[in-house]
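Undergrad: Sharing a structure, written as structure tokens. Questions coming.
The values are calculated or read from the model by the stated rules, or taken from the named source; none is laboratory data. Keep in mind that this is a model prediction, so the values were computed, not measured. When we count neighbours, we look across all protein chains shown, and the Cβ atoms used for this are built from the backbone with ideal geometry, even at glycine.
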């Protein structure tokens with residue numbers, strides 16, 4: 001009888017341990033670069049999640065998950081609202097002057113479960 005109870009307790013504890021999820025949270029950061037579009041009032045959004053970049057640039061513009069088409073934003077505020085809706089928190093923003101215009105940089109952070117991170 002004692003062996004049966006011990007076996008049941010042992011298997012129950014193993015099952016509960018296997019079902020337990022890792023709840024460790026990790027902050028991840030993202031940089032959004034906003035540039036104006038030529039002959040348009042809309043803006044281009046480039047996102048940098050810290051992934052390895054391709055040798056010849058690669059396209060870092062934000063794309064729709066379903067269609068794969070470029071996501072178009074009416075303004076910087078539209079893009080900021082989108083990032084907020086995705087759970088990102090703005091932590092810093094600043095412009096960098098280029099030849100004839102400014103390029104705006106926005107830094108975000110978001111908490112993820114450690115198991116969600118590659």
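Undergrad: Among the residues of region 82-116, what is the count of those that are surrounded by 13 or more Cβ atoms within 10 Å (Cβ to Cβ), over 19 Å from residue 29 (Cβ atoms) and at pLDDT 85 or above?
TA: 0
To keep it simple, each residue is scored yes or no on (1) part of a loop (DSSP other than H, G, I, E, B); (2) in contact with a helix residue (DSSP H, G or I) (Cβ under 6 Å, 6 or more places away or on another chain); (3) at pLDDT below 80; (4) surrounded by 10 or more Cβ atoms within 10 Å (Cβ to Cβ).
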site: 29; (1), (2), (3), (4): no, no, no, yes
site: 45; (1), (2), (3), (4): no, yes, no, yes
site: 50; (1), (2), (3), (4): yes, no, no, no
site: 66; (1), (2), (3), (4): yes, no, no, no
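Undergrad: If we keep just the residues of region 31-43 that are outside any strand (DSSP E or B) and in contact with a strand residue (DSSP E or B) (Cβ under 9 Å, 6 or more places away or on another chain), which is modelled with the highest pLDDT?
TA: 42
Undergrad: Then there is this: Give me the residue from region 6-27 that is in a loop (DSSP other than H, G, I, E, B) and touching a helix residue (DSSP H, G or I) at 6+ places or on another chain (Cβ under 8 Å) and, out of that set, modelled with the lowest pLDDT.
TA: Going through the qualifying residues, I end up with 21.
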